[in-house]
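Here's the structure we're looking at; comments come further down.
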């Protein structure tokens with residue numbers, strides 16, 4: 001059993017164990033179940049550490065450097081948004097994963113106790129109390145949407161609350177008397193930022209927190225096969241991004257007896273693109289609260305987060321499948337770029353020719369041999385099994401020429417269904433791009449040569465959530481936004497074979 005399979009089983013055990021606690025479960029029995037659950041969580045944490053350690057040793061070719069940069073960037077971004085940069089720096093030094101950091105940050109925020117001293121005004125103490133109560137209710141609601149999420153002591157206080165119960169509680173704690181109010185009136189008052197009963201409600205904040213957490217979890221859980229292939233960056237605005245494509249360094253000249261050195265320059269190319277804004281608005285209405293519809297906080301935001309991740313995948317793979325025009329006027333895969341391989345079915349022979357052709361790519365001067373080595377074999381899912389058989393089989397009894405070399409077996413296979421089915425490019429007006437079940441690609445490590453770049457707006461990596469009181473709907477509107485763009489940067493690290 002692999003570590004990831006073991007992790008999946010443990011996570012299911014944790015969810016099943018927590019589900020054993022019912023509304024009528026005795027306190028002693030509930031504590032025993034919670035103790036067992038904590039033990040399973042400890043096992044999960046250990047397995048995650050083992051996975052992180054294994055992942056950090058999977059390559060020594062620059063991929064680990066990229067992953068480390070991504071880890072540090074995301075931890076710092078989340079810590080900054082939470083107003084806890086010191087905690088972020090501490091977890092970066094510890095080597096915590098993004099998931100581990102988010103979990104630790106959430107626990108700290110939930111457990112934070114600000115003591116009420118004489119230096120606190122009654123108003124500030126009251127606000128702290130409301131914030132803690134809102135956090136506990138958010139946690140309980142998140143647990144209802146996803147039972148695998150553990151509850152703190154504060155969250156367990158609201159474990160059996162329905163959405164209507166929480167709406168009533170949010171109003172009552174703000175001084176609104178709900179006795180005599182209909183369910184519709186309670187839902188409407190709780191969803192308003194300032195109700196007609198004269199007091200602000202915490203309920204929109206509670207709902208927004210849960211939607212935000214669930215949506216981000218859906219975004220992070222989505223499988224994105226392109227990640228090892230690309231270089232990730234951030235940009236300050238929506239203006240055109242001009243990327244200099246550095247060529248080879250100037251050749252060294254022999255220094256004459258007088259000691260004179262000749263000046264050299266770097267050859268340059270240029271690629272340009274822009275990021276754009278993509279998004280969707282969903283509503284949490286009075287009907288959701290009255291009907292106690294947990295899909296609005298579980299499955300719906302999860303799917304919305306997954307859709308944001310799918311958008312990123314569409315943008316990146318559209319650069320590969322769409323064969324865009326590059327800054328030199330040639331398409332990404334073209335004869336002048338010397339990265340279109342002679343069409344042939346995938347096998348040891350065609351793979352060997354592809355590797356050789358990529359290694360012989362030259363710099364922008366057309367002379368300097370770059371000796372680029374592919375690290376990834378990118379195939380449609382129809383060819384995934386064939387690729388595994390060719391690369392992983394040690395020998396063929398009938399034909400020694402079909403034996404993959406040791407260096408070939410080091411290629412990392414990336415199988416992507418968009419290559420089979422085609423894609424709709426969300427960044428283009430005419431967006432239908434056909435796929436192929438026979439075409440396959442070679443790609444170099446982005447640490448060696450630029451391939452495809454994925455850019456986010458500074459401070460907004462991934463999906464960004466905003467909420468507001470609805471105007472067109474009776475309820476709360478949640479806007480999910482993604483500021484992102486993708487562009488192929490250098491043809492020399494990519495090669496295509498149309499297959500046969």
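Just so you know, all these numbers are worked out from the coordinates, no wet-lab data involved. Please read all numbers here as calculations on a predicted model, not as lab measurements. Ideal geometry is used to build each Cβ from the backbone, glycine not excepted, and the neighbour counts take in all protein chains shown.
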Legend entry - Label-to-label distance, nm, for residues given as residue 30 and residue 382 (7 Å Cα→Cβ offset): 5.7 nm
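Convex hull volume of the Cα atoms in segment 294-497, per residue, in Å³? Mind showing how you got there, number by number?
Working: hull volume 34.0 nm³, N = 204.
Spread over its residues, the Cα hull of segment 294-497 gives 166 Å³ apiece.
When ranked by the protection proxy of mean other Cβ atoms within 10 Å per residue, highest first, what sequence do the peptides 410-419, 483-492, 33-42 form? Could the numbers behind the result be given before it?
Numbers: 410-419: 19.1, 483-492: 23.9, 33-42: 15.2.
Per-residue mean Cβ counts within 10 Å order the peptides as 483-492, 410-419, 33-42.
Based on the Cβ-Cβ distance from residue 257 to residue 362, what FRET efficiency comes out when R0 is 45 Å, to the nearest 0.05? Show your work: numbers first, answer last.
Numbers: r = 33 Å, r/R0 = 0.73.
Efficiency at R0 = 45 Å is approximately 0.85.
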Inset, instruction - Calculate, for residue 54 and residue 293, the FRET efficiency according to 1/(1 + (r/R0)^6) with r their C-beta to C-beta distance and R0 51 Å; round to the nearest 0.05. - result: 0.80
Legend entry - Linear extension gain, residue 4 paired with residue 389, 0.36 nm per residue minus alpha-carbon span: 136.3 nm
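Compute the length gained on full extension between residue 479 and residue 165: take 0.36 nm times their separation in residues and subtract their Cα-Cα distance, giving the result in nm to one decimal.
Numbers: separation 314, 0.36 × 314 = 113.04 nm, distance 2.55 nm.
Here the segment from residue 479 to residue 165 would lengthen by 110.5 nm.
How big, on average over all directions, is the shadow cast by the Cα convex hull of the chain, in nm²?
Values: hull surface 132.8 nm².
Averaged projected hull area, Cα only: 33.2 nm².
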Inset, instruction - Give the relative contact order (percent, whole number) for segment 294-497; include only Cα pairs under 8 Å separated by 6+ residues. - result: 27 percent
Inset, instruction - Taking the chain as the reference, fit the longest principal axis to its C-alpha atoms, fit the long axis of helix 27-56 to the helix C-alpha atoms, and give the angle between the two in degrees, 0 to 90, nearest 10. - result: 20 degrees
Legend entry - Between 0 and 90°, nearest 10: helix 85-94 axis offset from the chain longest Cα axis: 50 degrees
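Considering only the chain, what is the antiparallel percent among its DSSP beta bridges, to the nearest 5? Before the final figure, lay out the partial values.
Numbers: 40 of 52 bridges.
Roughly 75 percent of the DSSP beta bridges within the chain come out antiparallel.
Work out, step by step, the length gained on full extension between residue 335 and residue 84: first 0.36 nm times the residue separation, then minus their alpha carbon distance; give nm to one decimal. Don't skip to the end; give the middle numbers.
On the way: separation 251, 0.36 × 251 = 90.36 nm, distance 5.24 nm.
Here the segment from residue 335 to residue 84 would lengthen by 85.1 nm.
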Legend entry - In degrees, nearest ten, helix 3-19 long axis to first principal axis of the chain (Cα): 10 degrees
Legend entry - Label-to-label distance, nm, for residues given as residue 177 and residue 239 (7 Å Cα→Cβ offset): 6.1 nm
Legend entry - Among 361-367, 422-428, the order from most to least packed when residues are scored by Cβ within 10 Å on average: 422-428, 361-367
Legend entry - Computed [θ] at 222 nm, deg cm²/dmol, the chain (DSSP H ≥ 4; -39,500 (n - 2.57); rounded to nearest 500): -13500 deg cm²/dmol
